[in-house]
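The values are calculated or read from the model by the stated rules, or taken from the named source; none is laboratory data. From a predicted model like this one, the values you see are computed outputs, not experimental measurements. As a convention, Cβ positions derive from the backbone with ideal geometry for all residues, glycine included, and neighbour counts pool all protein chains shown.
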Amino acid sequence: MNAPVLVIDALTVKLPSGADRELAVRDVSFTVNAGEVRCLVGESGSGKSIIAQTVMGLLPRNLRPTAGRVLLNGEDLLQTGAERLRRLRGEKLAMIFQEPMTALNPVMRCGAQIDELLAQHTSMSSAQRRDRVLQMLEHVRLPDPPRIYSAYPHQLSGGQRQRIMIAMALILKPALLIADEPTTALDVTTQAEILKLIRELQRENGTAVLFITHDFGVVADIADGVSVLRLGDLVESGSAREVLGNPQHAYTRILLQAVPELVSRKPALPGDTACVMRTRALSKVFVTGGWLGGRREVVAAKDVDIEVKRGETLGIVGESGSGKSTLARMLAQLIEPSGGEIELEGSTVSALRGAAVQAFRRKVQVVFQDPYRSLNPRRTVGAAITEGPLNFGTARNEAWQRAQELMQLVRLSPQVLQRYPHEFSGGQRQRICIARALAVQPELLIADEAVSALDVSVQAQILELLDEIQQRLKLTIVFITHDLRVAAQICNRIVVMQHGRVVEQGPVVQVFEQPREAYTQALIEAAPGKGFRFGVA
Amino acid sequence: MDPALTELDAERAIPAPAVGPTAWRRLGKNWSVRIGGTVLALLLLASLAAPLLGTIDPSLIDPVNRDLLPGATGEVMLLTGETFPYKFWLGTDSYGRDIYSRVLYGGRVSLVVGVTVALLSLFFGVLIGLAAGTIRWLDGVVMRVMDGLMAIPGILLAIALVALWRASIWTVIVAITIPEIPRVVRLVRSLVLSIREEPYVEAARALGTPTLALMLRHILPNTLAPLIVQGTYICASAILVEAILSFLGVGLPTDVPTWGNIMAEGRLQFQEFPHNVLFPGIFLALTVLAVNMLGDGLRDTLDPRFAKRGDRP
């Protein structure tokens, strides 16, 4: 049972000239045994996906392996011809991807897509194939298999699509399954179910699994063995217990320490703290269609009552579609609420016009999720940071001087003000975005998933920075996130949202340790690596 | 200090200035841009410097030199009565006018029409497109009007305008520009609609940037690359349409040498003297090809979907 299925032996892959380093993967060796789940962990740019693509023979043309062997059951895949490799994929090798919507053909029914594999690789009759596909759909616990069989991918949810991908990957009982961040695009509760499913099916068939992830929570949940990559080098490899429990390499320790603990750190502020912002029965209904087409209404937020107290960090957590981003954009007056009202320091701010909007914008600022898209690529960093102050009538040299001070606050050199955004990494760009928001000296900062797009170690640095800035500037922060660990680390109080409504709110300690509502309990239960204590190793 | 720790601290370090090729350098390396640009520059130069390139008056009628074949020599008599020997490199037409001179001077009209139409339609297209993309209630009305304009064939419009105003270069330019504007409007509107949703525009709104500044500072500069590309295609098609209009006799007056006019006049005796149609035709094809090559090259270098840029690591 423990024979090695996949042996990666001294694999080296060269990057095209002009890349930031010479080798994508350098001299990496590890094995995946039958019945084992090996997690390949690393931050972005560590080369983990390159290894998966090498094994599948799907490397882009400008990358090529220059040394080493990739043995699948003793057969070197690097020396195998294209035709043989095509046969191996599906029969012996299978892969599931991060985004199931793009991996499935949108104009083909799900059943037919799975059926295609059987038709290619087996000699079953069409009736037998249909039975087998239906059986497999049931096996991955999709409800009503005949309906799913004839459904198109867009008619299914993200979790259901990923189940289709899993059914597709495992229907030929491959020896090796490669899963490239298969749950990253899914909500936590769905992620927990998918991880459980992969684990079960893998045990049942004794499949070897190479599981690629950046999330140590997921690693703690699913891994038998862990290999840690950094910038193309394998820094540590061993059993999950060894690597997570007693990491040998400093980089592994840093990564583990950067994973926020699922234990609340900050107490709630005293009950008599003044309220900066308050909402009453705030609602938002999006209407699409109309005119000639069918009118459709989507309730994104309904009767939201929250209070933001001066100097606190209020966390708003929820899964995708819970309305948390809609709420954030209403609070920032970027979209107009359809009902209810928002109060800032005691006065109603709904439907502001002209000078009143400007006054509001001085007090409330936003940091967005995607650091790559939230800076105008055609304007320098300095122009971005001084834009707000200049809009509010600050003199140019004064605004520039403040920008330089802010650069120091977010720990970047003032020289970067002359540069363009594309020259910076994600974490640096997020620092720039924070500086831009702080340039108008706001009282309330709304951070909409501000660390979700960043690697853990960078995420830890940004969280630390936000904390420090809050202390120094006495800032109030509304922190929107889907990540309970992050919320636990930075927030004083938490608001849990589901389907546009507030399900539960209270001090962080109370919500995490004695959740009252079933949904909150399920959410906390589903947090990956729940039983494992990170950050203390 | 541990090497891994310094590696992480590198995240905080300032990056070196970008070393990647700038947009201009990338343009210079693209073969479509090189070839298209060179050919176009030569054509432009030739038509501007036509008087210096051994040409004679392109509308000088000389019955003695009628229907000469390319390469023939003859005696040219100017209106002043002066005569001198002249070699007709590309032959003459049925009025004895020098095709070589006519083609070079005709190039001026084509290029002026092409460039002017491109600039005018981009200008009005951007103006209307920005308004339609930004002002919600205007969008529906403007776009229906544009749909209406697109339904009018350019040639029909040209005939109507010529009947209304008289044939002139401005009539032709207006007639070609009007049907081009809706295409630019559609492009700009769709670009504005997608750029408007970008987080950096939302961030600028949150910073209190007024709507006009938002459009000029954040939205317009990010539509430029596709617009430049669209502009070259408009230029090529305008040159072609001008020739078609002249050929059909609804363009410039017949006494002005344009490639279309030369071809239209040569058409009657095409079987005997094909050079009357052939040479302006070759120049026309070459110009349109060069402009289109330039456009393709610009698209490849300026459009991030075709060129890999250093925007994301």
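Computed quantities for the displayed model
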{"item": "Among the candidates A:A208, A:A240, A:A223, residue that is in contact with a Cys (Cβ under 6 Å, 6 or more places away or on another chain) and either within 14 Å of chain B (Cβ to nearest Cβ) or not β-branched (V, I, T) (or both)", "result": "A:A223"}
{"item": "Within the range B:18-57, considering residues that are surrounded by fewer than 16 Cβ atoms within 10 Å (Cβ to Cβ) and among the charged types (D, E, K, R), the one modelled with the lowest pLDDT", "result": "B:R25"}
{"item": "Residues located in the range B:58-70, provided they are buried (at least 19 other Cβ atoms within 10 Å of the Cβ) and either in a loop (DSSP other than H, G, I, E, B) or of a type in the set (S, T, Y) (or both)", "result": "B:P58, B:D62, B:L68"}
{"item": "Hits in the range A:136-174 - residues which are touching a helix residue (DSSP H, G or I) at 6+ places or on another chain (Cβ under 6 Å), of a type in the set (D, E, K, R) and touching a residue at least 40 places away in the same chain (Cβ under 8 Å)", "result": "A:R161"}
{"item": "Qualifying residue in the range A:428-443 (condition: within 9 Å of chain B (Cβ to nearest Cβ), at pLDDT below 90, surrounded by 22 or more Cβ atoms within 10 Å (Cβ to Cβ) and outside any helix (DSSP H, G or I))", "result": "no"}
{"item": "Any hit, the range A:411-425, residues being in a loop (DSSP other than H, G, I, E, B), facing chain B (nearest Cβ under 7 Å), hydrophobic (A, V, I, L, M, F, W, C) and within 25 Å of A:V276 (Cα to Cα)", "result": "no"}
{"item": "Pick from the range A:243-269, criterion away from every other protein chain (no Cβ under 14 Å), surrounded by fewer than 17 Cβ atoms within 10 Å (Cβ to Cβ) and out of contact with any Gly (no Cβ under 7 Å at 6 or more places or on another chain), ranking: farthest from A:A24 (Cα to Cα)", "result": "A:P267"}
{"item": "Residue within the range B:103-119 that is surrounded by fewer than 17 Cβ atoms within 10 Å (Cβ to Cβ), part of a helix (DSSP H, G or I) and hydroxyl-bearing (S, T, Y) present", "result": "no"}
{"item": "A:P371 vs. criteria part of a loop (DSSP other than H, G, I, E, B), crowded, with 24+ Cβ neighbours inside 10 Å and within 11 Å of chain B (Cβ to nearest Cβ)", "result": "yes"}
{"item": "Count of residues meeting criterion [aliphatic (A, V, I, L, M), facing chain A (nearest Cβ under 7 Å) and part of a helix (DSSP H, G or I)] in the range B:195-240", "result": "3"}
{"item": "Sole exception among (1) more than 14 Å from chain B (Cβ to nearest Cβ); (2) touching a strand residue (DSSP E or B) at 6+ places or on another chain (Cβ under 7 Å) for A:E200, by number", "result": "(2)"}
{"item": "Residue in the range B:4-14 that is at pLDDT below 65, part of a loop (DSSP other than H, G, I, E, B), within 14 Å of another protein chain (Cβ to nearest Cβ) and over 23 Å from A:V416 (Cβ atoms) present", "result": "no"}
{"item": "Residue in the range B:107-127 that is farther than 30 Å from B:L52 by Cα and of a type in the set (V, I, T) present", "result": "yes"}
{"item": "Qualifying residue in the range A:330-344 (condition: within 30 Å of A:L186 (Cβ to Cβ), in a loop (DSSP other than H, G, I, E, B) and in contact (Cβ under 8 Å) with a residue 60 or more places away in the chain)", "result": "yes"}
{"item": "Qualifying positions in the range A:374-392 - more than 10 Å from every other protein chain (Cβ to nearest Cβ) and not β-branched (V, I, T)", "result": "A:G382"}
{"item": "Selection status of A:L327, buried (at least 20 other Cβ atoms within 10 Å of the Cβ), more than 14 Å from chain B (Cβ to nearest Cβ) and at pLDDT below 85", "result": "no"}
{"item": "Any hit, the range B:71-91, residues being modelled with pLDDT of 85 or more, surrounded by 12 or more Cβ atoms within 10 Å (Cβ to Cβ), in contact with a helix residue (DSSP H, G or I) (Cβ under 6 Å, 6 or more places away or on another chain) and aromatic (F, W, Y)", "result": "no"}
{"item": "Residue in the range B:116-127 that is modelled with pLDDT of 90 or more and of a type in the set (S, T, Y) present", "result": "yes"}
{"item": "Filter result (under 18 Å from A:A10 (Cα atoms), surrounded by fewer than 21 Cβ atoms within 10 Å (Cβ to Cβ) and modelled with pLDDT of 90 or more) within the range A:31-49", "result": "A:T31, A:N33"}
{"item": "Verdict on A:R361 being surrounded by 18 or more Cβ atoms within 10 Å (Cβ to Cβ), under 17 Å from A:E443 (Cβ atoms) and more than 8 Å from chain B (Cβ to nearest Cβ)", "result": "no"}
{"item": "Flag if B:R183 is basic (K, R), surrounded by 18 or more Cβ atoms within 10 Å (Cβ to Cβ) and more than 21 Å from the chain's Cα centre (by Cα)", "result": "no"}
{"item": "Out of A:A179, A:A185, sole residue that is crowded, with 20+ Cβ neighbours inside 10 Å, on the phi < 0 side of the Ramachandran plot and within 24 Å of the chain's Cα centre (by Cα)", "result": "A:A179"}
{"item": "Test: A:R396 is free of Cβ contacts under 8 Å to residues at least 40 places away in the same chain, within 9 Å of another protein chain (Cβ to nearest Cβ) and closer than 27 Å to A:H422 by Cα", "result": "no"}
{"item": "From A:S338, A:S322, A:S264, residue being of a type in the set (S, T, Y), in contact with a Lys or Arg (Cβ under 9 Å, 6 or more places away or on another chain) and closer than 30 Å to A:S457 by Cβ", "result": "A:S322"}
{"item": "Filter result for A:E517 (over 20 Å from the mean Cα position of the chain (by Cα) and under 21 Å from A:S320 (Cβ atoms))", "result": "yes"}
{"item": "Residue among A:P60, A:P106 that alone is surrounded by fewer than 19 Cβ atoms within 10 Å (Cβ to Cβ), within 24 Å of the chain's Cα centre (by Cα) and under 22 Å from A:E181 (Cβ atoms)", "result": "A:P106"}
{"item": "Qualifying residues in the range A:444-455 (those that are part of a strand (DSSP E or B) and over 14 Å from A:D370 (Cβ atoms)) - the one farthest from the chain's Cα centre (by Cα)", "result": "A:L444"}
{"item": "Any hit, the range A:335-356, residues being within 14 Å of chain B (Cβ to nearest Cβ) and within 30 Å of A:Q418 (Cα to Cα)", "result": "no"}
{"item": "Residue match in the range A:120-139 (condition: of a type in the set (D, E), at pLDDT 90 or above and under 22 Å from A:R161 (Cβ atoms))", "result": "yes"}
{"item": "Among (1) of a type in the set (V, I, T); (2) within 14 Å of another protein chain (Cβ to nearest Cβ); (3) over 15 Å from the mean Cα position of the chain (by Cα) - the single one A:V458 does not satisfy", "result": "(3)"}
